[in-house]
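Single-structure report; data block below.
Please treat every number below as a calculation from the coordinates, not as lab data. Small disclaimer: the values here were computed from a predicted structure and weren't measured. Cβ coordinates were reconstructed from backbone atoms using ideal geometry, including for glycine residues, and neighbour counts include every protein chain displayed.
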Amino acid sequence: MNHWIIAPVVLPALVGAFMVIALRGQLALQRITGLATIVALNGIALALLAYAATHGPEAYFLGDWPAPFGIVLMLDELSAIMVTLLSALALVSALYAIGSGWDRKGAHFHALMMFLLMGIAGAFLTGDAFNLFVFFEVLLIASYGLMIHGGGSARTRAGIQYVAFNLIGSSLFLFALALLYGVTGTLNMADLALKLPTLPEGDQALLRTTAVMLILVFAIKGALVPLQFWLPGTYANAPGVVAALFAVMTKVGAYATLRFGTLVFPTDLAATGPLLQDLIQPAALVTLAVGAVGVLGATTLPRLAAFAGIASMGTAFLAVSAFTPQTTAAALYYILHSTLATAALFLVADLVARRRAHVRLADPAPMTRTGLIAALYMAAAIASAGMPPLSGFIGKLLILDAFRAQAPLVWTVILVSSFLMILGFARAGSQLFWKPAPPEATPPADPGPEPLAIAATLALLASLAALTVFAGPVNDALTTSARAAHNPDSYIAAARLGGTP
Amino acid sequence: MEALLATTIGVLAAVGIYLALRQRTFPVILGLTFLSYAVNLFLFSSGRLTLNAAPIIGEPSPYADPLPQALVLTAIVISFGMTAVVMIMAIGGYLSAGHDRIDLDARDDGEAGQ
């Protein structure tokens with residue numbers, strides 16, 4: 001048993017608790033500990049990725065209880081890729097928070113971030129459906145704290161909406177899990193994959209209800225239409241660096257959909273069949289359209305970034321919804337790209353917000369240090385809209401290629417929404433950076449050059465460039481992972497079911 | 001017993017959803033609490049309803065399924081913590097905004113600033 005599998009969950013949990021208890025009020029020490037932990041997490045994630053690629057899926061039995069009686073964590077290529085993405089984004093976000101001074105505006109930024117990392121890494125690694133619920137709650141409760149970090153009336157009230165929405169989602173998740181357990185008598189995902197095909201005829205309607213409820217829960221997490229309403233208000237009001245970190249949180253919804261759609265409810269399961277695809281695909285197309293129109297009509301820069309995030313989730317869910325190895329590989333590439341691109345856009349929006357009198361796009365306002373930030377905005381906009389030369393273009397190309405069979409509808413929606421997003425980004429950019437400010441207006445106090453914050457944003461853009469340059473090898477590796485995800489025999493075998501407690 | 005439990009869960013869920021759709025934060029939080037009561041009972045019933053049975057395999061049979069009991073315990077702890085968090089946030093929002101409406105004004109949007 002490889003004990004490193006549990007490290008991405010245990011390490012941030014311990015460090016987070018240590019920070020709250022021992023490093024209270026000592027910002028410098030918190031920064032050093034937090035950064036060191038995240039660097040270590042990056043190393044562990046890369047090692048786990050290499051391990052999963054060579055050894056195949058492996059289970060970690062908590063307390064050495066055999067599955068399905070105990071809880072298991074499952075490491076496979078899919079989960080290792082997601083954990084790697086998470087730790088890379090966490091490193092950039094931590095650097096930006098330190099460079100921009102966001103972590104100074106409340107007492108527990110770094111500790112909350114540790115708990116968020118613990119929750120997200122756990123959600124990626126778990127092999128148990130109830131455990132997935134628990135890790136969802138861990139990441140949510142940390143995200144509530146981060147969302148209202150820095151305080152303020154608008155932020156707190158947007159936070160209440162976010163919490164209320166997610167609590168309803170959690171209740172729905174529990175209803176679905178209770179149904180699943182009532183029907184099958186197990187919540188271990190590998191065990192579910194074995195038991196569902198043998199279910200009696202009479203229970204199949206209950207199973208379909210369960211599948212729909214689970215999809216609703218993941219749609220709330222992933223901001224899929226018609227459950228996307230929480231996202232613009234939340235992300236636009238959250239601190240910029242937190243919104244950037246949240247870019248990977250919506251991907252948890254896409255990952256969970258992918259995991260359940262390939263393992264628990266595969267398309268050849270008689271009870272559900274193509275149910276998931278039929279539900280998600282139209283919703284994803286509408287999500288993409290709503291996001292693109294939102295980018296075009298956004299009134300403020302953070303809202304524009306939030307709608308770009310919705311559009312990217314629409315594209316990601318569209319690719320996920322086909323559930324074939326080719327589309328899943330395209331979805332994984334797009335998820336990697338869109339997480340980094342959306343995060344970059346939020347960081348740039350934050351850079352602008354702290355140098356401009358207000359963030360409304362329609363009213364011109366003076367801004368300090370425009371040149372470099374305008375260039376960063378342009379790069380992030382190109383990446384988010386999916387224009388060459390950055391990886392968004394390749395990601396969309398892979399998805400278009402995978403959807404040749406449904407070209408008339410899918411290609412039209414993707415291409416038209418990309419065009420709308422280009423228009424929206426161009427409009428916002430010219431309003432922000434080119435429109436002369438009224439002469440009597442004075443810009444806000446210059447926060448200084450902030451080399452660390454700029455470097456973090458540049459690092460995100462550089463990683464997008466790297467994703468473009470190495471698109472070939474990355475796509476080959478992702479295709480292997482997608483094939484493994486769609487062929488879950490080795491995953492189920494790794495869970496070593498059928499033991500006795 | 002099944003009919004009574006099913007009705008109770010249904011009524012609790014209906015009350016929860018109705019209250020969650022209200023405009024002020026306090027009824028919304030009450031609604032979320034009712035919803036969590038409904039889901040806890042539902043989770044409990046997923047292990048089948050048995051009377052006078054210990055959660056131990058073997059004699060005496062029938063036995064009660066212990067797993068839903070553990071799941072309910074987890075769910076209760078989590079929903080308790082979440083209610084506390086949302087309560088504090090609601091009080092914070094009320095004190096800073098001067099009212100406890102749950103919807104955002106157009107002015108609020110994206111104006112959180114720094």
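From other protein chains only, count the Cβ atoms within 10 Å of every residue's Cβ in A:147-154, then give the mean.
5
Using the Cα atoms of region A:148-245, I'd like the radius of gyration and the largest Cα-Cα distance, Dmax, both in angstrom.
Using the Cα atoms of region A:148-245, the pair Rg, Dmax is 17.6, 55 Å.
Percent of Cα-Cα pairs more than 17 Å apart in region B:1-108, please.
64 percent
Once you sort the root eigenvalues of the Cα gyration tensor of region A:337-477 as a ≥ b ≥ c, which label holds: rounded (a/c under 1.5), prolate (a/b larger than b/c) or oblate (the other case)?
oblate
What angle, in degrees between 0 and 90 and rounded to the nearest 10, separates the Cα long axis of helix A:407-433 from the longest principal axis of the Cα atoms of chain A?
With both axes taken from Cα atoms, the answer is about 30 degrees.
If one puts a single equal scatterer on every Cα of region A:80-134 and applies the Debye formula without solvent, what log₁₀ I(q)/I(0) results at q = 0.19 Å⁻¹?
Log-scaled intensity ratios, in q order: -0.71.
Around A:Thr300, which amide H atoms from residues at least 5 apart in sequence, or from another chain, sit under 5 Å from its own amide H, with H modelled in the peptide plane?
The list, which skips near neighbours in sequence, is A:Leu361.
List, largest first, the extents of the alpha carbons of region A:412-501 along their principal axes, each in whole Å.
Taking the Cα atoms of region A:412-501, the three principal extents are 77, 39, 31 Å.
All other residues with a Cβ under 12 Å from the Cβ of A:Leu132 taken together, and with Lys, Arg as +1 and Asp, Glu as -1, what is their net charge?
Taking every other residue near A:Leu132 into account, the sum is 0.
Using helices alone, I'd like the mean residue ellipticity at 222 nm for chain A: each DSSP H run of four-plus residues gives -39500 (n - 2.57), total over residue count, nearest 500.
When only DSSP H runs of four or more count, the value is -24500 deg cm²/dmol.
Could you tell me whether region A:6-65 comes out rounded, prolate or oblate from its Cα gyration tensor? Rule is a ≥ b ≥ c as square roots of the eigenvalues, rounded for a/c under 1.5, then prolate if a/b exceeds b/c, otherwise oblate.
Oblate.
Can you pull out the chymotrypsin sites (Phe, Trp or Tyr not before Pro) in region A:416-501 that DSSP calls coil and that have at most 11 other Cβ atoms within 10 Å?
A:Trp434
Rounded to two decimals, what ratio of Rg to Rh does region A:323-383 give with C-alpha atoms and a Kirkwood Rh?
1.19
Go through region A:70-80 residue by residue and turn each phi into a ³J(HN,Hα) via Karplus (6.51, -1.76, 1.60, θ = phi - 60°); whole Hz please, and just put x for glycine and proline.
Whole-Hz 3J(HN,Hα) from phi for region A:70-80: x, 8, 10, 9, 10, 9, 9, 4, 4, 5, 5.
Remind me, relative contact order of chain A in percent, using alpha carbon pairs under 8 angstrom and six or more residues apart?
Averaging sequence separation for qualifying contacts and normalising by length gives 17 percent for chain A.
Among B:28-34, B:9-15, how do they line up by average Cβ neighbours within 10 Å per residue, starting with the highest?
B:28-34, B:9-15
Please report Rg (one decimal) and Dmax (integer) in Å for the Cα set of region A:31-78.
Values for region A:31-78 (Cα only, Rg and Dmax): 13.9, 40 Å.
Compute the signed sum of charges (Lys and Arg +1, Asp and Glu -1) over the other residues within less than 13 Å, Cβ to Cβ, of A:Thr479.
Neighbour charge sum, excluding A:Thr479 itself: -2.
Averaged over its residues, how many other protein chain Cβ atoms are within 10 Å of peptide B:70-78's Cβ atoms?
The mean count of partner-chain Cβ atoms within 10 Å per residue comes to 4.
Fewest Cβ neighbours within 10 Å first, please rank A:Ser417, A:Ser312 accordingly.
A:Ser417, A:Ser312
What are the ³J(HN,Hα) values, in whole Hz, obtained from phi via the Karplus relation 6.51 cos²θ - 1.76 cosθ + 1.60 with θ = phi - 60°, for each residue of region A:298-313 in sequence order, with x given for Gly and Pro?
Taking θ as phi minus 60°, the curve returns 4, 8, 10, 5, x, 5, 4, 5, 5, 5, 4, x, 4, 4, 5, 5 Hz for region A:298-313.
Could you give the dipole magnitude of the protein assembly as shown about its Cα centre, charging the beta-carbon of Lys and Arg +1 and that of Asp and Glu -1, in debye to the nearest 20?
My answer is approximately 1400 debye.
If I histogram all Cα-Cα distances within region A:176-295 using bins 10 Å wide from 0, what percent of pairs lands in each bin?
Using 10 Å bins, I get a P(r) of 13, 41, 27, 16, 4, 0 for region A:176-295.
When the Karplus curve 6.51 cos²θ - 1.76 cosθ + 1.60 is applied with θ = phi - 60°, which whole-Hz ³J(HN,Hα) does each residue of region A:115-125 get, with x for Gly and Pro?
Along region A:115-125, the couplings run 5, 5, 4, 4, x, 5, 4, x, 4, 6, 8 Hz.
So how far apart, in nm, are the two label points at A:Met387 and B:Leu4 if each is 7 Å from Cα heading toward Cβ?
My value for the distance between the label points is 6.9 nm.
Over region A:146-216, what relative contact order in percent results from Cα pairs under 8 Å that are six or more residues apart?
Relative contact order comes out at 31 percent.
Using amide H atoms built 1.01 Å from N in the peptide plane, name the residues 5+ places from A:Ile71, or on other chains, whose amide H lies under 5 Å from its own.
Residues meeting the amide H criterion: A:Leu62.
Which ordering of A:Lys195, A:Lys435, A:Lys396, A:Lys251 is given by a fewest-first count of other beta-carbon atoms within 10 Å?
With the fewest neighbours first, A:Lys195, A:Lys435, A:Lys396, A:Lys251 line up as A:Lys435, A:Lys195, A:Lys396, A:Lys251.
Expressed as a rounded percentage, what relative contact order does region A:1-117 have, with Cα pairs under 8 Å and six or more residues apart?
38 percent
According to the Kirkwood expression over distinct Cα-Cα pairs, how big is the hydrodynamic radius of the protein assembly as shown, in Å?
When all Cα pairs of the protein assembly as shown are included, the Kirkwood radius is 24.7 Å.
Let me confirm one metric for peptide B:88-96, namely the mean number of other chain beta-carbon atoms within 10 Å of its residues' beta-carbons.
Partner Cβ neighbours, averaged per residue: 6.
Which whole-number value in Å³ per residue fits the convex hull of the alpha carbons of region A:107-206?
About 85 Å³ per residue, rounded to a whole number.
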